[in-house]
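A.B. asks: Have a look at the structure that comes next, please.
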Amino acid sequence: MKWFRSWFRVMGVGLAILANSRPYEGLVLSLPIAMFLLIWMLKNNNLPQAILLRQVILPLGIALAIAAGGMSYYFWRVTGSPFRMPYQVNRATYAVAPYFFGQKVKSQPIYHHAAIQDFYLDVEYPQYLQTRTPYGFLLETLRKLGVIWLFYVGPLLTIPLFTLPWILRDRRIRLLLIAGAVAFAGSALVIYFMAHYIAPITCVIVAVVIQGLRHLRVWRWQGKPSGLFLTRAIVLICVLMMPFQAWQLAAEAKTQKLNMAHQRARVLAELCAMPGQQLVLVRYKPGHEVRAEWVYNDADIDNAKVVWARDMGSAENEDLVRYFSSRKIWLVEADDPVPRLSEYAPNRGPIPQQSAARQSAINNVVK
């Protein structure tokens, strides 16, 4: 029975990971599984309660209790309440459009930065307006299905799904199918969607595809094992496609949003190599891609090695510069082809960064 207890420990760890990565989608996926587990325990009268307590409830409960305690402490330190997530504070502070269908629009808050206003008013709100009608909801649901198919399945792995009528009759994966359907239904209630939001049901998608390959494998055409050839060909093509997929990902990294992540990491590494603490003012050009965001900080901002802030102009920056007066202050033009650091001079504009040797000599003279 050791494997039995270990299985529920792993299950508890998995639930903890879901709660800290995709809490809503993980919760929706977990509900049918929890219901099935409860029914299973009630039906298995032959298992002593002591075994159920020791092998099922205790390992699962300990893992979940540790996760819940850690998350509650984190929420309390960030939001002041152990039951209020930082994401809830974010939505309450900035969002105008609701997150779920059926919720009401909130009054517009005061935005201090164009990048934040552009995201919540020019990206989120128009999408909400498009999905208010039943027709818009239907189109959005179909779009979500299309995104899921393109990201997780694709044309090649669609071939095993032609055996879906047989898959639906498989009792061995019925629970997975139910859990996956409930999880997708829950995600369909969310207005905004990206492919990774549905990551908790990846295991369901993989299980359905593998089960489809099993049914396809035994398919025969005119007495010949055609299905066996197809399954082997699908697996082989998937392996051969891996270098192409890697090349495609590398090409996508050149887009503004992904390239921003690489450029920011490069600048951050440069800043971390410098002595002392640093403050970086990030300046965007008109038409900046709002999802390519540079400004985010460590939880303990005051003691962070590097603090990032949006440039608001000389007058508006004064309070920030005064508060972080002990830090070296830099400016970065984030939308330049190759963003580089320059010394921040409020009234004279940015000063090009000098070579490390010359800058070191100047610093020694100033000291």
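A.B. asks: Of the residues in the stretch 111-150, how many are farther than 18 Å from Val290 by Cβ and in a loop (DSSP other than H, G, I, E, B)?
C.D. replies: Residues in the stretch 111-150 being farther than 18 Å from Val290 by Cβ and in a loop (DSSP other than H, G, I, E, B): 3 in total.
A.B. asks: Something else: Quick one: which helices (runs of 4 or more DSSP H) sit completely within the stretch 163-253 and have at least 1 residues that are polar (S, T, N, Q) and more than 22 Å from Thr141 (Cβ to Cβ)?
C.D. replies: Answer list for the stretch 163-253: 202-217, 226-252.
A.B. asks: Give the residues of the stretch 315-348 that are small (Gly, Ala, Ser) and in contact (Cβ under 8 Å) with a residue 24 or more places away in the chain, sorted by residue number.
C.D. replies: Ser326, Ala334
A.B. asks: Moving to a separate point now. Six or more apart or on different chains, Cβ under 8 Å: which pairs go from a residue in the stretch 267-287 that's closer than 19 Å to Asn303 by Cβ to one that's assigned to a helix (DSSP H, G or I)? Could you list them?
C.D. replies: Final answer for the pair search is Gln278/Leu271; Leu279/Leu320; Leu279/Val321; Val280/Val267; Val280/Leu271.
A.B. asks: So is Gln277 at pLDDT 80 or above and touching a helix residue (DSSP H, G or I) at 6+ places or on another chain (Cβ under 9 Å) or not?
C.D. replies: When the stated conditions are applied, Gln277 passes them.
A.B. asks: Go through the stretch 46-105 and give me each residue that's surrounded by 15 or more Cβ atoms within 10 Å (Cβ to Cβ), within 24 Å of the chain's Cα centre (by Cα), β-branched (Val, Ile, Thr) and more than 22 Å from Tyr125 (Cβ to Cβ).
C.D. replies: Answer for the stretch 46-105, where residues must be surrounded by 15 or more Cβ atoms within 10 Å (Cβ to Cβ), within 24 Å of the chain's Cα centre (by Cα), β-branched (Val, Ile, Thr) and more than 22 Å from Tyr125 (Cβ to Cβ): just Thr79.
The values are calculated or read from the model by the stated rules, or taken from the named source; none is laboratory data. Note that the coordinates shown come from a computational prediction; the quantities given were computed from them, not determined experimentally. Don't worry about glycine lacking a Cβ; one is built from the backbone with ideal geometry, like all the others, and counts go over all protein chains shown.
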